[in-house]
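The values are calculated or read from the model by the stated rules, or taken from the named source; none is laboratory data. Since we're looking at a predicted model, the values are computed, not measured. Every residue, glycine as well, gets a Cβ built from its backbone with ideal geometry; the counts of neighbours run over all protein chains shown. The accessibility values were calculated without ligands, DNA or RNA, using every heavy atom of the protein model including side chains. Shrake-Rupley method; radii C 1.70, N 1.55, O 1.52, S 1.80 Å.
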Amino acid sequence: MINHYIYDGSFDGLLNAIYKAYYTPDKPDKILSYEKREDNFLVKEILIDTDAKKAKKVYEAIDKKISPAALRKIYYAYLSEIDGIEMDILNFVRLGFKIGTDIELNLANEAVFKIESIYNKVSHERHRMTGLIRFKELKNNILYAEISPDYNLVGIIAPHFIKRLSNENFIIHDKKRNISVFYNKKEWIVREIKGDLNIIFNEKEEDYQNLWKMYFKSISIKEKFNPKLQRSNMPKKYWKYLIEKGG
Amino acid sequence: MDVLDKLRILSDAAKYDVSCSSSGSGRKNKKGGIGSASINGICHSWSDDGRCISLLKILMTNYCIYDCAYCVNRSSNDLERATLTPDEIVDLTINFYRRNYIEGLFLSSAIIKSPNHTMELILNVVKRLREVEGFNGYIHTKAIPHADKRIIDEIGLYVDRMSINIELPSENGLKLLAPNKTKKSILTPMGNIRNRIVETREEKKKFKYANSFVPGGQSTQLIVGATEDNDLKILKLSEGLYDGYNLKRVYYSAYVPVAKSPNLPVLDSPPVIRENRLYQADWLLRFYKFKADELLDENMPNFDLSLDPKCNWALRNIGIFPVEINRADYNTLLRVPGIGVKSARRIVAARKFGPLNYDNLKKLNIVLKRAKYFITCNGKYYGMSSMNPEKIRKKLIYGLDRNIFEKQLSLWEMGGFNDKSLHI
């Protein structure tokens with residue numbers, strides 16, 4: 001029999017799966033979120049409860065016995081939503097509990113290398129997003145941005161904007177996943193959004209967009225025209241929401 | 001004239017300044033304020049020439065009393081002229097920032113009336129941004145040669161970075177093309193800014209609330225190809241600026257012919273590959289512990305356009321290679337083509353867990369296409385049958401992916417973001 005752990009798709013759920021893998025004889029061959037479960041005659045499905053207390057235990061154990069950096073890497077890897085990443089995370093944690101803080105240096109190890117490289121991809125996109133997000137001002141002065149990133153990063157990008165736009169209301173809407181970050185000058189939450197939002201722009205919004213487009217055009221040096229370099233720094237997949245690129 | 005036209009004219013006039021960086025400052029937001037800086041800087045867009053856009057880079061005005069031959073804004077040039085009011089600059093900065101178009105403002109100006117008068121106007125704008133608008137995003141301003149120390153010292157308390165552009169890398173070049181500037185008028189304020197940075201850092205150690213002065217450091221720009229100065233001369237100048245003036249960055253700008261003058265060269269196109277080679281060499285000075293004299297000398301005063309400076313250096317010093325990946329110390333690893341700062345660190349860390357094999361190296365982000373000619377892995381050499389520098393050279397130039405030059409170019413221009421070790 002092949003053991004599949006089925007969890008609810010949340011990070012807490014994944015931590016519970018790790019907990020289970022440690023404390024029961026039925027070790028998992030795969031860990032899958034409910035949405036990704038596979039219908040297979042030979043599979044024994046083991047449902048994982050999401051218990052906040054157990055999740056906290058695992059969370060703190062990783063933080064203390066491995067390192068806060070390792071915890072961050074695991075979380076970023078989880079946000080990548082890449083198929084099969086759960087088992088890589090489990091293998092990383094297993095090794096981490098053996099080796100301790102130094103685990104991150106052991107890049108020749110398969111599990112460490114995998115988590116490290118996925119972590120790099122997610123943080124690279126996160127960094128890109130800090131620059132490429134474009135807010136539009138709505139009638140009620142709320143700043144509204146649409147994105148559809150490869151990875152599920154609204155939650156890790158929000159703190160960056162809260163720091164710099166602490167005195168504004170803003171929404172960052174992940175159109176791909178139908179979730180949004182809402183911030184109201186005090187608190188922020190991530191919520192699922194069903195259907196379209198009713199959006200009315202501020203009367204001045206278009207003026208600023210035109211000013212930005214003009215700036216973008218005139219700051220470029222014609223004699224050094226280099227669209228390839230432009231695309232490699234700013235891949236086309238991000239242009240959809242870039243005002244200066246017609247988004 | 002409306003703001004749209006002014007913005008068009010004054011950003012067009014500012015575009016030849018290549019500095020775009022918003023790094024080096026960790027300025028934090030304050031209660032009720034807007035903005036913060038990011039220590040590694042953030043690029044917000046890339047223009048059609050592939051350059052990063054991080055700041056709103058504009059001139060306050062392009063009316064100039066000077067007539068520098070190489071400069072598009074020279075007084076004798078027949079050109080559309082405009083001036084932005086402080087209100088307009090502040091409004092653009094804040095509203096672009098709120099929409100996350102930019103990290104902040106890079107304010108420069110042509111010289112109106114006098115250097116002091118121009119600097120007073122710049123001071124007025126940055127003061128309003130910081131004190132009235134509560135703006136804590138990144139601000140970079142020019143320091144104008146011949147301006148009073150008093151004004152520069154005051155502006156320094158509000159901005160994150162200041163730059164004085166040397167532009168022409170020799171005194172002779174200045175005489176020929178920018179007769180209103182002298183070596184002294186550039187180096188004196190540069191020295192003053194350096195001293196103030198050092199002093200305020202000391203004060204900050206003693207008094208927590210002491211003001212910072214230009215926390216992102218100062219930078220400058222050198223124009224490449226407008227004068228006869230060779231790469232060795234330019235690189236030696238940069239080395240001197242890093243060592244003697246603690247500059248954060250020296251930018252290089254391939255000269256774009258914007259004027260005709262008997263003193264200026266005639267170019268078909270800007271020397272962009274030469275510019276790229278200088279950036280690569282500059283990187284080697286700052287992060288790879290190379291000296292200018294190791295990379296070029298009087299017999300070879302210019303960079304090879306077909307191969308990067310590090311590969312060139314390695315081929316000229318082929319005797320010290322190959323080095324053993326599992327034993328070579330960090331500084332030696334740094335000198336291997338295809339091994340960067342990050343991968344050198346990774347090698348040193350990862351081999352503590354056991355000897356690395358050739359497959360492991362691929363995972364550590366080493367560019368084996370280049371590195372394999374210069375290393376052994378557990379005693380085994382994976383390069384060619386002999387270590388003949390001429391043959392390796394051909395392999396490096398022709399055997400590589402055709403796109404490698406462009407990939408490399410874009411990497412350098414990214415400024416190593418995400419790599420905490422490479423604060424610019």
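Out of B:ILE42, B:ILE89, B:ILE58, report the one residue that is modelled with pLDDT of 95 or more, open to solvent by less than 10 Å² (accessible area, probe 1.4 Å), under 20 Å from B:THR141 (Cα atoms) and under 17 Å from the mean Cα position of the chain (by Cα). Only one candidate qualifies: B:ILE42. Count of the stretch B:11-68 residues, restricted to those that are out of contact with any His (no Cβ under 9 Å at 6 or more places or on another chain) and part of a strand (DSSP E or B), is 7.
Checking A:ASN178, A:ASN140, A:ASN167 one by one, the residue that is surrounded by fewer than 18 Cβ atoms within 10 Å (Cβ to Cβ), at the interface with chain B (Cβ under 7 Å from one of its Cβ atoms) and either touching a Gly at 6+ places or on another chain (Cβ under 9 Å) or free of Cβ contacts under 8 Å to residues at least 60 places away in the same chain (or both) is A:ASN167 and no other. Within the stretch B:30-49, one or more residues are facing chain A (nearest Cβ under 8 Å), closer than 24 Å to B:LEU84 by Cβ and among the charged types (D, E, K, R).
Matching residues to (1) farther than 30 Å from A:ASP29 by Cα; (2) of a type outside the set (Val, Ile, Thr):
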site: A:ASP88; (1), (2): no, yes
site: A:THR101; (1), (2): no, no
site: A:SER117; (1), (2): no, yes
site: A:TYR151; (1), (2): no, yes
site: A:ARG164; (1), (2): yes, yes
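Considering A:ALA111, A:ALA145, A:ALA55, the condition of being within 14 Å of chain B (Cβ to nearest Cβ), closer than 30 Å to A:MET1 by Cβ, among the hydrophobic types (A, V, I, L, M, F, W, C) and open to solvent by less than 20 Å² (accessible area, probe 1.4 Å) is satisfied by A:ALA111 alone. You will find that of A:ASN3, A:ASN40, A:ASN16, the residue that is in contact with a strand residue (DSSP E or B) (Cβ under 6 Å, 6 or more places away or on another chain) and of a type in the set (S, T, N, Q) is A:ASN3 and no other. The condition of being charged (D, E, K, R), over 28 Å from B:ARG351 (Cβ atoms) and open to solvent by 20 Å² or more (accessible area, probe 1.4 Å) holds for only one of B:ASP293, B:ASP282, that being B:ASP293. The test for being of a type in the set (Gly, Ala, Ser) and closer than 27 Å to A:ARG126 by Cβ holds for B:SER54. Could you identify the single residue in B:VAL341, B:VAL323 that is within 23 Å of B:SER385 (Cα to Cα), touching a residue at least 24 places away in the same chain (Cβ under 8 Å), surrounded by 14 or more Cβ atoms within 10 Å (Cβ to Cβ) and more than 14 Å from chain A (Cβ to nearest Cβ)? Going through B:VAL341, B:VAL323 in turn, just one is within 23 Å of B:SER385 (Cα to Cα), touching a residue at least 24 places away in the same chain (Cβ under 8 Å), surrounded by 14 or more Cβ atoms within 10 Å (Cβ to Cβ) and more than 14 Å from chain A (Cβ to nearest Cβ): B:VAL323. Of all residues being charged (D, E, K, R) and either closer than 21 Å to A:MET129 by Cβ or touching a helix residue (DSSP H, G or I) at 6+ places or on another chain (Cβ under 8 Å) (or both) in the stretch B:1-16, which is least open to solvent (accessible area, probe 1.4 Å)? Just the residue, please. Among residues in the stretch B:1-16 that are charged (D, E, K, R) and either closer than 21 Å to A:MET129 by Cβ or touching a helix residue (DSSP H, G or I) at 6+ places or on another chain (Cβ under 8 Å) (or both), the one least open to solvent (accessible area, probe 1.4 Å) is B:LYS15.
Taken together, B:LEU307, B:LEU278, B:LEU237, B:LEU285 contain a single residue that is farther than 30 Å from B:LYS183 by Cβ and touching a residue at least 40 places away in the same chain (Cβ under 8 Å), which is B:LEU307. Output yes when any residue across the stretch B:17-27 is open to solvent by 10 Å² or more (accessible area, probe 1.4 Å), at the interface with another protein chain (Cβ under 8 Å from one of its Cβ atoms), more than 20 Å from B:ASP91 (Cα to Cα) and not aliphatic (A, V, I, L, M), and no when none is. Checking the stretch B:17-27: not a single residue is open to solvent by 10 Å² or more (accessible area, probe 1.4 Å), at the interface with another protein chain (Cβ under 8 Å from one of its Cβ atoms), more than 20 Å from B:ASP91 (Cα to Cα) and not aliphatic (A, V, I, L, M). Restricting the search to the stretch A:163-188, which residues are assigned to a strand (DSSP E or B) and of a type in the set (D, E, K, R)? Correct list: A:ASP174 only. Taking the criterion of being open to solvent by 10 Å² or more (accessible area, probe 1.4 Å) and out of contact with any Leu (no Cβ under 7 Å at 6 or more places or on another chain), the residues of the stretch A:77-89 that qualify are A:GLU81, A:ILE82, A:ASP83, A:GLY84, A:MET87, A:ASP88.
Among the candidates A:ASP102, A:ASP39, A:ASP26, the residue that is at pLDDT below 95 and out of contact with any helix residue (DSSP H, G or I) (no Cβ under 9 Å at 6 or more places or on another chain) is uniquely A:ASP39.
For the stretch B:76-86, residues that are open to solvent by less than 10 Å² (accessible area, probe 1.4 Å) and small (Gly, Ala, Ser) total 1. Within the stretch B:379-397, the set of residues being open to solvent by 40 Å² or more (accessible area, probe 1.4 Å), touching a Phe, Trp or Tyr at 6+ places or on another chain (Cβ under 8 Å) and in contact (Cβ under 8 Å) with a residue 12 or more places away in the chain comprises B:LYS380, B:TYR382, B:MET387, B:LYS395.
Of all the listed residues (A:LYS236, A:LYS224), the sole one being modelled with pLDDT under 95, within 12 Å of chain B (Cβ to nearest Cβ) and within 14 Å of B:GLY50 (Cα to Cα) is A:LYS224.
The number of residues in the stretch B:287-308 that are of a type outside the set (Phe, Trp, Tyr) and part of a loop (DSSP other than H, G, I, E, B) comes to 12.
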